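Let me begin by presenting the structure, written as structure tokens, before commenting on it.
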Amino acid sequence: MIASLNRTYSKTENLIEQEAIEINLAKSDPAKFAPLYERYFLQIFKYIFKRVESEDHANDICQQTFIKAMTKIGSYQHKGLPFSSWLYRIAQNEINQFYRSKKRARVVEVNDSDLPELFEEIEVDVREEQRQILIKAIEQLKPEEITLIEMKYFEKRSGQEIAEILDLSLSNVKVKLHRTVKKIKLLINES
């Protein structure tokens, strides 16, 4: 078991080292950004697509995300998290800009498999009527609150990764998540 953990740690360490080399190369020559783009394009596209429900819009936003990443790679600083966290932050900013410019409502995709942990957190039974009440409660949240719930409970991201993506402190993420869960409980109780 220890040998397996060592191999996993070694692979992660090697990936971080490889990524650091690629980032430094891209900082000196934008044409060297390609390996980072190829590694992260699909996961960033899926992240965006899940939030905009249109393949065309997702493609446009993803393209903008990578253009900004490539042009701003010189300002990237490694903070102990994967490079993808920085890309997610750029993508989230682009998604927010998309909704502001289009004056459209933010979409949230909720799968039944995403709900048990959130139901446990808000301390309600998992029943169909509760599911509908929860969805209505989520629809009443502010976009930034929805993003927090989505990242924590639907995408299973760590607090530290959420903090990096949203450019917040970890303690701020915890406080905002706590307040949002409390707000959901209130909205459910009012239903």
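The values are calculated or read from the model by the stated rules, or taken from the named source; none is laboratory data. This structure is a prediction, so every number in the text was calculated from the model and none was measured. With ideal geometry, Cβ positions are generated from the backbone for all residues, glycine too; neighbour counts draw on all protein chains shown.
Before moving on, here are some points about what is shown:
- Picking from residues in the stretch 71-84 that are within 11 Å of E164 (Cβ to Cβ) and buried (at least 19 other Cβ atoms within 10 Å of the Cβ), the one that is nearest to the chain's Cα centre (by Cα) is S84.
- Residue pairs whose Cβ atoms lie under 8 Å apart, separated by 6 or more positions or on different chains, with the first residue in the stretch 129-150 and without any contact (Cβ under 8 Å) to a residue 60 or more places away in the chain and over 26 Å from L168 (Cα atoms) and the second surrounded by fewer than 18 Cβ atoms within 10 Å (Cβ to Cβ) and among the polar types (S, T, N, Q), are I133/S191; K136/S191.
- Among all positions in the stretch 104-111, there is no residue which is assigned to a helix (DSSP H, G or I) and either crowded, with 19+ Cβ neighbours inside 10 Å or modelled with pLDDT under 85 (or both).
Let's see how each residue does on (1) surrounded by 13 or more Cβ atoms within 10 Å (Cβ to Cβ); (2) polar (S, T, N, Q); (3) modelled with pLDDT of 90 or more; (4) in contact with a Phe, Trp or Tyr (Cβ under 7 Å, 6 or more places away or on another chain):
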site: N14; (1), (2), (3), (4): no, yes, no, no
site: E17; (1), (2), (3), (4): no, no, no, no
site: A31; (1), (2), (3), (4): no, no, no, no
site: L36; (1), (2), (3), (4): yes, no, yes, yes
site: Y40; (1), (2), (3), (4): yes, no, yes, no
site: N59; (1), (2), (3), (4): yes, yes, yes, no
site: C62; (1), (2), (3), (4): yes, no, yes, yes
site: T65; (1), (2), (3), (4): yes, yes, yes, no
site: A69; (1), (2), (3), (4): yes, no, yes, no
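- Checking L42 against (1) part of a helix (DSSP H, G or I); (2) hydrophobic (A, V, I, L, M, F, W, C); (3) under 20 Å from D167 (Cα atoms), the condition it does not meet: (3)
- For the stretch 157-175, a tally of residues being more than 14 Å from I146 (Cα to Cα), in contact with a helix residue (DSSP H, G or I) (Cβ under 6 Å, 6 or more places away or on another chain) and of a type in the set (A, V, I, L, M) returns 3.
- Taking the listed residues E53, E94, the one that is of a type in the set (D, E, K, R), exposed (fewer than 13 other Cβ atoms within 10 Å of the Cβ) and within 29 Å of Q140 (Cβ to Cβ) is E53, with no other qualifying.
- Pairs with Cβ under 6 Å, 6+ apart, first in the stretch 86-97 and on the phi < 0 side of the Ramachandran plot, second basic (K, R) and part of a helix (DSSP H, G or I): I90/K68; I95/R51
- Any hit, the stretch 145-153, residues being modelled with pLDDT of 80 or more, in the same structural domain as Q18 (by TED's automatic domain parsing) and surrounded by 20 or more Cβ atoms within 10 Å (Cβ to Cβ): no
- Within the stretch 42-77, the residues that satisfy the criterion of being touching a residue at least 24 places away in the same chain (Cβ under 8 Å) and of a type in the set (G, A, S) are A69, G74.
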